[in-house]
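The values are calculated or read from the model by the stated rules, or taken from the named source; none is laboratory data. Quantities reported herein were computed from a predicted structural model and do not represent experimental measurements. Using ideal geometry, Cβ is built from the backbone for each residue, glycine included, and neighbour counts are taken over all protein chains shown.
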Ligand SMILES: [Zn+2]
Ligand SMILES: [Zn+2]
């Protein structure tokens, strides 16, 4: 493996979260067990092995390395990736890739898929990803990964296995689908992105943004620019039902020690120990 990019790793209940995210620098995530990438402000060399990517919005620190991702997969003879992104960004992203094709003289095989809030992407038999409306300064979406399971309908629960098979063979649907939100990624958003999509509070793992932490920064201005402050987390402390809450995308105006100090002050118990600062 070539170490070409700073990258942090965290394990939670069989899921490996890897990535790097600082505001205006770069954001990228990989969830290996779900075979998913989120955002591509930069591309760690070995992330190219994952063929499905979801881009939250087209700010440069979230999309700049898209040509590198597409081109590297081609060079390494991997299949063309499927890249989901806000619908309004697709045509321009496609043109950008074609311009790189002219510069680089290499093909850019990929499928770009536009998403509107509410759209679903069936990435496998077991997992479906839903796009949710977030609040940023340009078109943006967040994502929730649902694990789909099939549960026997209550009216069939007392039947024996062979009876259930008979019913099934007669063409009657014996199961209903249940969806468990296992992981959510908000991308850049102000707190309305959380409040308007309660599933973010219920996903097992939430990856979100905490761009600002110092008390002197004005909330109205932060929200207007489509970002969150640690106080927005404090104001919603009771609402987070997540097992793990990753706060990333911290501004470069703070060093790690400052972030920890401000967050410790605002949230002394770190949301019952569930908050993980991505530093
Ligand atoms: Zn950003
Ligand atoms: Zn942004």
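Of all residues in the range 137-171, those being surrounded by fewer than 12 Cβ atoms within 10 Å (Cβ to Cβ) and under 39 Å from the mean Cα position of the chain (by Cα) number 6. When the range 109-132 is limited to residues that are touching a helix residue (DSSP H, G or I) at 6+ places or on another chain (Cβ under 7 Å) and more than 20 Å from residue 87 (Cβ to Cβ), the one that is surrounded by the most Cβ atoms within 10 Å (Cβ to Cβ) turns out to be 127.
Of the helices (runs of 4 or more DSSP H) lying entirely inside the range 152-208, the ones with 2 or more residues being at pLDDT below 95 and away from ligand 2 (no atom under 16 Å from the Cβ) are found at 161-169. Within the range 27-47, the set of residues being surrounded by fewer than 21 Cβ atoms within 10 Å (Cβ to Cβ) and within 18 Å of residue 111 (Cβ to Cβ) comprises just one member, 35.
For the range 104-127, how many residues are part of a strand (DSSP E or B) and closer than 23 Å to residue 177 by Cβ? Residues meeting the conditions: 6. Reported count of residues in the range 95-108, each being surrounded by 13 or more Cβ atoms within 10 Å (Cβ to Cβ) and within 25 Å of the chain's Cα centre (by Cα), is 3. On the stretch given as the range 265-279, residues that are farther than 17 Å from residue 216 by Cβ and either in contact (Cβ under 8 Å) with a residue 24 or more places away in the chain or surrounded by 13 or more Cβ atoms within 10 Å (Cβ to Cβ) (or both) total 9. Filtering 219, 204 for residues that are more than 16 Å from ligand 1 (Cβ to nearest atom), under 21 Å from residue 134 (Cα atoms) and without any contact (Cβ under 8 Å) to a residue 24 or more places away in the chain leaves a single hit, 219.
Scan the range 209-224 for residues that are over 20 Å from the mean Cα position of the chain (by Cα) and in a loop (DSSP other than H, G, I, E, B) and jot them down. Answer for the range 209-224, where residues must be over 20 Å from the mean Cα position of the chain (by Cα) and in a loop (DSSP other than H, G, I, E, B): 213, 214, 215, 216, 217, 218.
Reported count of residues in the range 133-151, each being touching a helix residue (DSSP H, G or I) at 6+ places or on another chain (Cβ under 8 Å) and away from ligand 2 (no atom under 16 Å from the Cβ), is 2. Taking first residues from the range 54-68 that are within 20 Å of residue 145 (Cα to Cα) and partners that are in a strand (DSSP E or B) and within 9 Å of ligand 2 (Cβ to nearest atom), the Cβ contacts under 8 Å between residues at least 6 apart in sequence or on separate chains come to 56/140; 57/140; 62/27.
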